[in-house]
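The values are calculated or read from the model by the stated rules, or taken from the named source; none is laboratory data. A quick note: this is a predicted structure, and the numbers were derived from the prediction, not measured. For neighbour counting, all protein chains shown are included, and Cβ atoms are generated from backbone atoms with ideal geometry for every residue, glycine included. Note: accessible area is taken over every heavy atom of the protein model, side chains too, but ligands, DNA and RNA are not part of it. Shrake-Rupley method; radii C 1.70, N 1.55, O 1.52, S 1.80 Å.
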Amino acid sequence: MRLERVLKITDFLKGEGIDNIQIGIILGSGIKEIVENFNIRKEISYSEIPDFPISTAPGHEGKLKFSSFAGKNILFFCGRFHYYEGYKMDDIVLPVYLTKFLSGEILVTTNAAGGLNPLFSKGDIMRIVDHINLFPENPLRGKNDEKIGERFPSMIDAYDPYLGEIFDKVAEEEGISLKKGIYVGWQGPSLETKAEYKFLRIIGADAVGMSTTPEVIIARYLGLKVLGISIITNMGIGDITPHSPEEIIEVARNSSKILGKLLLKWIERL
Ligand code: HPA
């Protein structure tokens, strides 16, 4: 990552009054409703931020939203950058660097995913407990800056068990049947063949998507704690019917209303 770029954007955001955040939250496809549970103090379009990429994926708004809640400053990235859009890894992980450089301690990353576990169904919320990274490129490839992070950062317990436990408790109290599982990330944008869904299940995944794992690798590299949440928008096993992006976004939108409430309660407990 070119640090001058991160510092330039960080300075710009500080000038706009966005600083001293505790939590950065990346919103996946169709998940923008989460923000409606929060009181927004400041909103900036990605296009107004110098050197910032623009997200082109469906269901992604392309805005930063800054909120204060329960004594914590929270920065929402409403629109993520995907590998399949042609972005470089440095663009994809930029929100994670900004979270860190604006003093954040926690990254929450959310996504829409295809379900591989036969006990899951469309609309379920899954807390990610671990991942399998099948992207063709690692975001840490290249020369390492030891001042920023280690050459070989550990990915054991990449998804913080303690933060996860609090989230599980909140879901239980709210009567939500939260699923837990392993997320596999690869590039897309073509959806999987039946054989690929089967393969991903055999290698140990519960859900598949086209994002998240590069962000989490960088979050751990920078020492951020991670909570990862998938919304299961379609199933990749059993009776697999072709699913359109519109259907995926519709399912994500419905479940994200529940996810928004859970996140609100979770933040109160931190
Ligand atoms: N595969 C990959 N990514 C996805 C899927 C899927 O079935 N559903 C939502 N994102």
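Below is a table of values for the structure above.
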| quantity | calculated |
| --- | --- |
| Antiparallel content of DSSP bridges confined to the chain, in %, to 5 | 35 percent |
| For the range 119-247: rounded, prolate or oblate by the Cα gyration tensor [a/c cutoff 1.5] | oblate |
| Reach of LYS169 by Cα under 20 Å, taken over lysines that are not fewer than 8 positions away in the same chain | LYS179, LYS180, LYS225, LYS257, LYS261, LYS265 |
| Hz values of 3J(HN,Hα) by residue in the range 189-200 - Karplus curve (6.51, -1.76, 1.60), Gly and Pro given as x | x, 5, 6, 6, 6, 4, 5, 5, 4, 5, 4, 5 |
| Inter-part distance where the range 144-185 and the range 206-270 are each reduced to a Cα centre, Å | 12 Å |
| Computed accessible area, ILE249, all protein chains, 1.4 angstrom probe, square angstrom | 20 Å² |
| Charge dipole (the chain, unit charges on Cβ, about Cα centre) - positive-most of LEU75, PHE152, ILE229 | PHE152 |
| Exposure ranking of VAL226, VAL251 by accessible area [1.4 Å probe, largest first] | VAL251, VAL226 |
| The range 75-82 - phi-based ³J(HN,Hα) in whole Hz, Karplus 6.51/-1.76/1.60, Gly and Pro as x | 10, 9, 9, 8, x, 10, 10, 9 |
| Dipole magnitude of the chain about its Cα centre (Cβ charges: Lys, Arg +1; Asp, Glu -1), debye to nearest 20 | 240 debye |
| Centroid-to-centroid separation of the range 1-56 and the range 100-120 [C-alpha atoms, Å] | 17 Å |
| Efficiency of FRET between ASN39 and GLU172 - r from beta-carbon atoms, R0 25 angstrom, step 0.05 | 0.40 |
| Assigned charges on the beta-carbon of Lys, Arg, Asp, Glu; the range 94-206 dipole about Cα centre (debye) | 460 debye |
| Sequence of TRP266, TRP186 from largest to smallest accessible area, 1.4 Å probe | TRP186, TRP266 |
| Distant-in-sequence amide H partners of PHE69 (H built 1.01 Å from N, under 5 Å) | ILE74 |
| The range 102-188: trypsin sites (Lys or Arg not before Pro) in DSSP coil with no more than 14 other Cβ atoms inside 10 Å | ARG141, LYS143, LYS147, ARG151 |
